[in-house]
1. Of all the residues that make up segment C:127-160, how many are open to solvent by less than 10 Å² (accessible area, probe 1.4 Å) and closer than 26 Å to C:TYR196 by Cα?
2. Take the conditions among the aromatic types (Phe, Trp, Tyr) and part of a loop (DSSP other than H, G, I, E, B) and apply them to C:PHE424. Does it pass?
3. For A:GLU167, indicate whether it is closer than 23 Å to A:PHE91 by Cα, open to solvent by 10 Å² or more (accessible area, probe 1.4 Å) and either away from ligand 3 (no atom under 14 Å from the Cβ) or part of a strand (DSSP E or B) (or both).
4. For segment C:454-502, how many residues meet the condition of being open to solvent by less than 50 Å² (accessible area, probe 1.4 Å) and either out of contact with any strand residue (DSSP E or B) (no Cβ under 9 Å at 6 or more places or on another chain) or not hydroxyl-bearing (Ser, Thr, Tyr) (or both)?
5. Take the residues in segment A:86-102 that are touching a residue at least 12 places away in the same chain (Cβ under 8 Å) and surrounded by 20 or more Cβ atoms within 10 Å (Cβ to Cβ); name whichever of them is farthest from C:ALA368 (Cα to Cα).
6. Tally up the residues in segment B:58-70 that are facing chain D (nearest Cβ under 8 Å) and open to solvent by 30 Å² or more (accessible area, probe 1.4 Å), please.
7. Step by step: first the residues of segment C:328-348, then only those that are hydroxyl-bearing (Ser, Thr, Tyr) and farther than 22 Å from A:THR72 by Cα, then the one that is farthest from the other protein chains (Cβ to nearest Cβ). Which residue is that?
Amino acid sequence: MWRDWIPFWRPGLSPQSGDVDLLFAGLLIASALVLGLLFFLLILFCVRYRAGNEIDRGHRTSKSWHWEVSWTAASFVCFLGLFVWGASVYFEMYKTPTDELVVFVVAKQWMWKTQHAGGQSEIDALHLPVKRPVRLVMASQDVIHSFFIPALRLKHDVVPGRYQDIEIEIDRPGHYHLFCAEYCGTEHSGMIGEIVAMDPADYSHWLTQQAPASPLADEGGALFRQLGCSGCHGNGSQVRAPPLEGLYGKPVPLSDGSTVIADDKYIRDSILLPRSQIVASYQPLMPSFEGKVTEDQLLRLVVYIKSLAGRPS
Amino acid sequence: MPEPPVFASQYVSIPHRDHSAELGMWVFIATEILLFGGLILAYFVYRHAFPQAFAEGSQHTDILIGTINTAVLLTSSFLVAWAVEIFSAATAKIVTWLLVGAACLGLAFIALKGIEYRKEYHEHLIPGIDFQLARPLANGVQLFFVFYLIATAIHAVHMLIGICLLLTLAIISRRAPTTRHHTALHSAALYWHFVDVVWIFLFALIYLPGRAAS
Amino acid sequence: MSEKNYLTTDYTLRSWLLTTDHKRIAILYFASLIFFFFIGGAAATAIRIELATPQADLVSSDIYNRLFTMHGIIMVWFFLIPSIPNTLGNFMVPLMIGARDLAFPRLNLMSWYIFMLGGCTALFAILAGGIDTGWTFYTPFSSLYSNSYVIVAAAGVFIAGFSSILTGLNFIVTIHRLRAPGLTWYRLPLFLWSLYATSVILVLATPVLAITLLLMATERFFGVGIFDPRIGGDPLLFQHLFWFYSHPAVYIMILPGMGVINELISCFSRKPVFGYKFVAWASLAIAGVGFLVWGHHMFVSGQSLIASLVFSFTSFIVAVPSAIKVFNWTATLHKGSLRFDAPMLYALAFIGLFTIGGLTGLFLACLAFDVHATDTYFVVAHFHYIMVGGMVTAYFGGLHYWWPKITGRLYSEYWARTAAILIFFGFNLTFFPQFILGAEGMPRRYHVYPPEFQVWNVLSSGGAVILAVAYLMPLVYLGYSAFFGARAPANPWNAPGLEWQTSSPPPEENFATQPVVTREPYQYNEAFEAEPQNA
Amino acid sequence: MTQWRPPLALVGAWLGLLALLALTVALAYVPLGAGNAVVAMSIGTVKAALVAAIFMELRHRNGLTLVFAGAGLFWLGILLWLGLMDFVTRT
Ligand code: HEA
Ligand code: HEA
Ligand code: CUA
Ligand SMILES: [Cu+2]
């Protein structure tokens, strides 16, 4: 494979990372050509036109514009090509994730906490099955971090105050680096972990081996009662609050006339900033839970509300 | 006008010097526009994100003081422009009084602003020191007030600098005003008008939104 | 011979500290910048020594973080941004346009004092315990979490910003208003075009940095503020504001260098710069378009896809004028009569290193590749190639070129060439391996790293030591020449620029009589060479 | 008799500014939906233009000064345009 020809560059491990490698090779070749031409000319001129050398210096090019126009145009066309190439691969990498298999990632100074839908959680490690697209839902507890897997040529910042999701897929089983790539304080360089890609069978086996924590949705349900959400949103409550069954993924009409889809971000915002989007025909009664729930708990609440999606309201 | 050798040797004439000074002042104003520009971007970003909260926050401000202050500032700008226009040895007295008047209006502006800050403090609307708003949209309102306080504080600092400039000029050009004083006054006036323009926009951004709703 | 010049008019300390002579102020800046360069360089050397092994052996992570932060802050704001404009620019602008001084000499002096105040504030922040946010001050780490002297350091940068603004303002007005009779825009040396473009950026971008730092410091001071995610604030807003300044600022850090290169290339190939007008307008184009590309620092931050797309596109556009310049410099060599004095060696090194840095900038502007490369050593290598390989090299080139004019003395050509070559090799050894590290995925700002990256790191650290020695050499031989060097003639390079028409060093009033310009710039033709130049 | 009276243009501009101030405050209370913001900003712009043209004497100035005065605004436009682009097009 051509990728192996670049000595220091280990081949990427997913369809997109192959594309990035190809792009890198393209960029290298383009620059090698430009640099080759430039250095050739520089050396040629330096040797031929050195002061002591008797050589014809007459007939200098005085009109320059056709040269200018041609190299401007040539560079521009090259640049345009590179731009389009880079952008198309970018769109492929950051396309909207499918929802097949979801893993939650919480970043905090200075560790990665990952949680599988079944409730298994890990620290500074992430086990994944190979050849399956996995959606990572990431949140940060404190400052900006960045989730970086060099082998996949993939990276995304994790910014506090919002969810970020990306899709990853690994082709080959193995152990790969996970780095924090955004400077986040003292132990930034210690915020590293390991991605373990496994065959699906091994992965299922691994899942069952993990401490049988109660699944996230159940924990979320417990929190839902504990934090008093059910007092308003439960059946037969005194407060008129919208029922949350069947909510996830549906369009929600808001009091300002607009409509939003009830996705993770919307639910998160509803809990933290309930007044920013008021459901049509309801009063803005819900208190903010900002500062009262951690990112971990938020994740569980979101998962719980998601799990209500199938139920009739 | 009496004219000692007033222009430095890098210039060839008085107009040469004056035009250079004016050009310099305009470059400086361009700089100032971008200084406030950063704040304005922040404002629009959050107004886009929290439209209702910004409308609500605006209603917590005192539009009466805001409007009076705008009028005060416009008037003082007018006085300064007037002073620049009639500047000459013969009118030195009037010019002095015009400048003192403008500076006093500036001080009145600051005083009113202080009253407004005090009021907001008592209403617990100062983020970082005392912000309590149990009501809806608290977060967006808080962002609004962060913007409001920083923007008006920076504006007030500009005002204070301007007031000092005006008073200094009032004192030094009281007698024997020269073309140098005129140039200095002209530059100070440009600055003062610019501060006025900034306020015109701050007024529209801070006091006016959300009035119609209630 | 012993006429009074600007150095000998007066010897008291007072006459230096209260001078309004642009030449003396330039010297004041020289002295201050050397100081800051060595502090920044010492931090860099410490960083490199620490990174020679994968473990933490020299310093703790807290110290390491302070080291690279101070390195970045000092090098960017207290060395590279003022480097060429405030020293060579300050000295040469009035001379090159045939003026007595800058338009606002007292403002110029004030600018130096403000700069020193900012510098001392920053130094105080270091001495008090340092700052560990990275030179980018990203919130909410800087505003709410960092445990260091963020406000003090930010205040230092904030203050220094005003010095930048005043310098820019002064240059703009000077170039507009004080040109000698006959010196039309198209007769201006290209160095001045590039300083003009630089000044535009200084004036229009720096205030945004000021307000951004102010907002950040307020947030830190009050524990709540405009970027605070806990109340719905958006940390990305900080990044937008910061890069609105800092991307144009990288052009502040290269345009003056490009300007110097024009002077050097044409002088040492004895030819006018090829495509003068294109090069001139390319400077302004870089300054203008440079304001449209800042979002390329945020491709993985979570800004919208559309924004990424637009910023990537504009980043490619801004490379076009740079390409124009590189090609024009190369074409200038064609059919010239090339001499390889030390300044020319620097100029040639600049072209090569800048192009490598620029091309890798294109890699980063390429969206998909940036996702992998951002925040790795690839970026570190990219910007050192441009800032150190490009700008610092140009600075040294210009310094050697104008040294006889500034000090009235000649330096040792032998040592100058040796140093130039040593710098070139040390530089490449230091920073080329970092491209490879970055491509392999080593993140930047890492104090300890997985052992597989060690080989390239060791090479880089070795290079850094060579580089440090090489940078010390000019200090020695230039310093020696300033006091004991042979007297320089008025025009040692036989160049046509106005600055060479007056004696070396120039008298306090620059020119005995007001020069009048009748020629196009860079007229190194045979007729000119034949004329005796030191009349 | 020395000329100390303010030129008519100045007085006119001053009165005009005060009138516009009254107008903008009054209009702020008229429910126009999104129109309120547009009206407030437009009147603000007119007021600023008055100050610039008359108090700051831009109407008497040559092209160079106008370019310098416009540059700040133009760059402010860039900042707002590209800065807001991200926030408005986020999904
Ligand atoms: C003087 C400083 C300087 C200069 C001039 C530049 C110039 C350029 N920079 Fe660089 N850059 C920095 C300093 C500089 N940069 C710094 C300090 C950072 C990191 C900040 C941080 O995070 O700490 C950075 C980071 C940085 C990034 C973000 C990386 C990341 O963090 O993810 C990007 C992305 O687009 C980028 C791009 C560019 C481009 C396209 C140019 C262009 O202007 C380059 C144009 C020049 C050329 C292209 C070469 C000549 C052209 C030819 C010979 C034409 C022929 C070519 C072809 C036909 C292909 N730079
Ligand atoms: C603007 C100009 C500039 C300049 C000139 C330099 C010059 C150098 N830089 Fe700098 N660098 C930056 C700007 C600059 N850098 C920025 C902006 C960052 C990012 C910071 C951040 O992440 O926030 C950075 C980051 C940075 C890193 C990455 C740190 C990290 O991410 O963990 C490294 C690592 O190798 C490095 C190395 C060097 C070296 C070896 C030099 C050499 O060229 C320096 C050579 C000069 C000397 C060596 C001076 C001579 C001094 C002596 C001889 C005294 C020696 C004495 C002792 C050691 C006691 N720099
Ligand atoms: Cu987390 Cu760096
Ligand atoms: Cu950039």
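The values are calculated or read from the model by the stated rules, or taken from the named source; none is laboratory data. Because the structure is a prediction, the values reported are computed rather than measured. Counting neighbours? That spans all protein chains shown, and the Cβs are built from the backbone with ideal geometry, glycine included. For the accessible areas, the whole protein counts, side chains as well, though only heavy atoms, and no ligand, DNA or RNA atoms are used. Shrake-Rupley method; radii C 1.70, N 1.55, O 1.52, S 1.80 Å.
1. Summing the residues that are open to solvent by less than 10 Å² (accessible area, probe 1.4 Å) and closer than 26 Å to C:TYR196 by Cα in segment C:127-160 gives 3.
2. Numbers: among the aromatic types (Phe, Trp, Tyr): yes; part of a loop (DSSP other than H, G, I, E, B): no.
Here the answer is no, as C:PHE424 does not meet what is asked.
3. Details: closer than 23 Å to A:PHE91 by Cα: yes; open to solvent by 10 Å² or more (accessible area, probe 1.4 Å): yes; either away from ligand 3 (no atom under 14 Å from the Cβ) or part of a strand (DSSP E or B) (or both): yes.
Yes; evaluated as a whole, the condition is true for this residue.
4. Step one: filter segment C:454-502 for residues open to solvent by less than 50 Å² (accessible area, probe 1.4 Å), giving C:457, C:460-464, C:467-468, C:470-471, C:473-474, C:477-479, C:481-482, C:485, C:488, C:490-500, C:502.
Going one step further and asking which of them are either out of contact with any strand residue (DSSP E or B) (no Cβ under 9 Å at 6 or more places or on another chain) or not hydroxyl-bearing (Ser, Thr, Tyr) (or both), we end up with C:457, C:460-464, C:467-468, C:470-471, C:473-474, C:477-479, C:482, C:485, C:488, C:490-500, C:502.
Summing the residues that are open to solvent by less than 50 Å² (accessible area, probe 1.4 Å) and either out of contact with any strand residue (DSSP E or B) (no Cβ under 9 Å at 6 or more places or on another chain) or not hydroxyl-bearing (Ser, Thr, Tyr) (or both) in segment C:454-502 gives 30.
5. Only one residue fits best here, namely A:TYR94.
6. Just the residues of segment B:58-70 that are facing chain D (nearest Cβ under 8 Å), to begin with: B:63, B:67, B:70.
Pick out the ones that are also open to solvent by 30 Å² or more (accessible area, probe 1.4 Å) and you get B:67.
Of the residues in segment B:58-70, 1 are facing chain D (nearest Cβ under 8 Å) and open to solvent by 30 Å² or more (accessible area, probe 1.4 Å).
7. Of the residues in segment C:328-348, the ones hydroxyl-bearing (Ser, Thr, Tyr) are C:330, C:332, C:337, C:346.
Retained after the next criterion (residues that are farther than 22 Å from A:THR72 by Cα): C:337, C:346.
Working: C:SER337: 5, C:TYR346: 14 Å.
Residue satisfying both the conditions and the ranking: C:TYR346.
Each row is one residue, and each column tells you yes or no for (1) within 16 Å of ligand 4 (Cβ to nearest atom); (2) within 22 Å of A:GLU182 (Cα to Cα).
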residue	(1), (2)
C:ALA373	yes, yes
C:HIS382	yes, yes
C:TYR401	no, no
C:PRO443	no, yes
